[in-house]
Structure formats: structure tokens, C-alpha cells
């Protein structure tokens, strides 16, 4: 069962504003009934401001009213309509120590995933069109030392993000009636792991 955001603050609000039993509040907030009772007695959670679960769309007022009438009824946390799965906006920050690895990652992605668009590579690795073009054309200032290396192993992106980008690109190719390239063979680093 999913728990509400900020369970103790939610419990404080439910104790102060509703007529729910300690057991109902405890089960909704994922706490022990004795802890809820201690909050009600003022022994625990002093100074915690109550967090309104109704205003924050975690439970409906009707569900609370129903549970107040029946001590056996239980509250349920509403599921999020748009759960946050990953970053959607803004530039991806790359630590200074890993910035020199970015051209290696770009070379790896260009070689192994040619179906990815420039925009997808930019979002995935937090780079620029100019850098991608320089790596592709071997005009990068350090092109003699660039060795294609997996961006996941370098820590520049997660495997989940890479897989999602590749799946999106493959869907675009299928939709356009083009050939989807075969996935790259496992590298020596992956076989050793």
C-alpha cells in the first residue's frame, strides 16, 4: 500500500481536523496506533505543522466522512494522475570530473544507436549540437583521444533513460516505415561484469 506524503504531518492534521480513530489514522499513515495516540496526547511530533491530505489530493473529503461514520472503514491513498518518473525539463547537470567523458559517450551513442536524433542525444547526455557535430566529424579538439565508451558505465545517464530514448527512436522508425537497426553486441566491459 502506498503511503501519503509526509505521514507524520498528515497524521497531525487528521487528528486535529477529523474524528477518525487512532487505528484508522495509523493504517492510512503507515504508523503504529500507539504512535498516533502519542501524537494526539502531544508527546510526539510537537511543532509539526499538519499537512492537509485533502487539499493535496491524497484522499477525498467524502472518503474521510465515510470513515468517520464507520470505525471499521479504512482510508485509501489516491493514486497520482501524473507520477514523476524522470526529469522532463532543464539542462542535465554533469559534474566537472565527468565532463571530459562526454565526447566518449557521444561517440558511443553515435556508433551504437544511429537511430537516435540529435535532440535525443542532447537530452540524454546533456550536451550541445555543436559538440555532437564535432565528435561526428572528428573535429573535436580532443578527437585523437576519444574512445567510444558506454554513457551508463560513465555515469552520464541511466540505463532506463537510454532504453527509453532508443525505444522512442525505434517506434519513430517503425512509424515511418524504416528499418530498425539491430541492438549493439555487448561490449568487452559488459561481458567482464
Determine, for each peptide in 66-76, 116-126, the mean count of other beta carbons within 10 angstrom over its residues, then list the peptides with the highest first. 116-126, 66-76
Restricting the calculation to Cα positions, tell me the Rg (one decimal) and the Dmax (whole number) of segment 7-69 in Å. 10.7, 30
Taking Cα atoms, the helix 159-175 axis meets the longest principal axis of the chain at an angle in degrees (rounded to 10) of 70 degrees
Which order results if 22, 28 are arranged by neighbouring Cβ count within 10 Å, fewest first? 22, 28
Using a 7 Å offset from the Cα along the Cα-to-Cβ direction at both residue 2 and residue 97, what is the distance between the two label points in nm, to one decimal? 3.5 nm
Counting only backbone N atoms under 19 Å from a point 7 Å out along Cα-to-Cβ of residue 34, the residues of segment 4-20 in range are 8
Does anyone have the angle between helix 7-17 and the longest principal axis of the chain? Alpha-carbon axes, 0 to 90°, nearest 10? 30 degrees
Once both axes come from the Cα atoms, what is the angle between helix 102-112 and the longest principal axis of the chain, in degrees from 0 to 90, rounded to 10? 80 degrees
One quarter of the convex hull surface, Cα atoms only: what value does that give for the chain in nm²? 17.4 nm²
Rounded to the nearest 500 deg cm²/dmol, what is the calculated helix-only ellipticity per residue at 222 nm for the chain, with -39500 (n - 2.57) per DSSP H run of length n ≥ 4? -13000 deg cm²/dmol
Relative to the present Cα-Cα distance, how much length would full extension add between residue 110 and residue 141 at 0.36 nm per residue of separation? 9.4 nm
Separation between the residue 54 and residue 17 pseudo-spin-labels, each 7 Å from Cα along Cα→Cβ, expressed in nm? 0.7 nm
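Values quoted throughout were computed directly from the atomic coordinates according to the rules given, and no laboratory measurement underlies them. These numbers come from a predicted model, not from an experiment. Every residue, glycine as well, gets a Cβ built from its backbone with ideal geometry; the counts of neighbours run over all protein chains shown.
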